[in-house]
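Written below as structure tokens is the structure these notes are about.
The values are calculated or read from the model by the stated rules, or taken from the named source; none is laboratory data. Everything numeric here is computed off the predicted structure, so don't read it as measured data. In this analysis, Cβ positions are derived from the backbone assuming ideal geometry, glycine residues included, and neighbour counts consider all displayed protein chains.
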Amino acid sequence: MIFPIFISFIILLRIGELLLSKRNEKWLLQNGAVEYGEKHYPFIVVLHVSFLVSLIFEYSMLQTVSYSSFLIAFYFLLIAVKILIILSLGKFWNTKIYHIQNFPSIKKGLYKYFKHPNYIIVIAEIAAIPLAFHLYYSAIIFSILNAIILFVRINEENKVLENCDDVVLVYRTGDNI
């Protein structure tokens with residue numbers, strides 16, 4: 001009974017993140033933002049939708065009743081950190097990469113200490129969610145796929161950061177779509 005509630009919560013959270021992202025995107029575009037990484041973004045969407053489908057499929061095949069309370073609690077800790085990341089970026093938080101001229105880079109919250117703190121959360125989520133329910137195939141396959149897409153995405157973000165001194169780079173909170 002816990003898995004259906006947990007996966008429903010995750011799906012609702014992702015929908016909320018997308019709605020916030022869309023609202024922020026509107027503001028960014030109204031303020032002259034330019035989008036980067038459009039070519040790889042659809043792959044991120046497919047990855048995260050497939051991840052959720054994979055979790056449901058693997059769980060339905062196993063019908064496991066055991067779960068890790070520790071990993072579920074760890075996931076909620078990750079959500080708390082993600083909220084801090086979103087709050088640090090404010091209207092600049094988005095699921096896409098944007099560049100706005102004449103805005104200083106955001107260097108508060110975890111961004112004072114890490115260049116890409118959000119992706120640390122994403123990596124941990126992609127592993128912790130399936131492992132909490134012993135869904136090992138989903139954990140392994142999507143951790144590998146996520147590493148590949150993050151390699152592409154972080155390289156794209158770093159190019160934007162290097163080429164634009166006056167840029168605010170909008171980091172995605174979680175490649176969580």
Study note, to complete from the structure: Picking from TYR119, TYR137, the residue that is under 22 Å from GLU162 (Cβ atoms), modelled with pLDDT of 90 or more, in a helix (DSSP H, G or I) and of a type in the set (Phe, Trp, Tyr) would be TYR119
Exercise for review: Check off (1) over 20 Å from TYR137 (Cβ atoms); (2) in contact with a Ser or Thr (Cβ under 9 Å, 6 or more places away or on another chain); (3) surrounded by 18 or more Cβ atoms within 10 Å (Cβ to Cβ); (4) of a type outside the set (A, V, I, L, M) for TYR36 and give me the number that stays unchecked.
Suggested key: (2)
Review point. Looking at this structure, is SER50 within 23 Å of LEU145 (Cβ to Cβ), small (Gly, Ala, Ser) and under 17 Å from the mean Cα position of the chain (by Cα)?
Key: yes
Review point. Are any residues in region 96-108 closer than 16 Å to GLU156 by Cβ and touching an Asp or Glu at 6+ places or on another chain (Cβ under 7 Å), and if so, which ones?
Key: LYS96, ILE97, TYR98
Check your understanding: Does TYR59 satisfy the condition of being within 21 Å of ASN158 (Cα to Cα) and in contact (Cβ under 8 Å) with a residue 40 or more places away in the chain?
Key -> no
Point to revise | Among the residues listed as PHE74, PHE51, PHE57, PHE114, the single one being aromatic (Phe, Trp, Tyr), out of contact with any Leu (no Cβ under 6 Å at 6 or more places or on another chain) and modelled with pLDDT under 95 | key: PHE114
Review point. Just wondering, is there one or more residues in region 59-70 that are in a helix (DSSP H, G or I) and surrounded by 18 or more Cβ atoms within 10 Å (Cβ to Cβ)?
Key: yes
Study note, to complete from the structure: Taking first residues from region 91-114 that are within 15 Å of ALA33 (Cα to Cα) and second residues anywhere that are assigned to a helix (DSSP H, G or I) and at pLDDT below 85, the pairs with Cβ under 6 Å that are 6 or more apart or on different chains are HIS99/VAL160
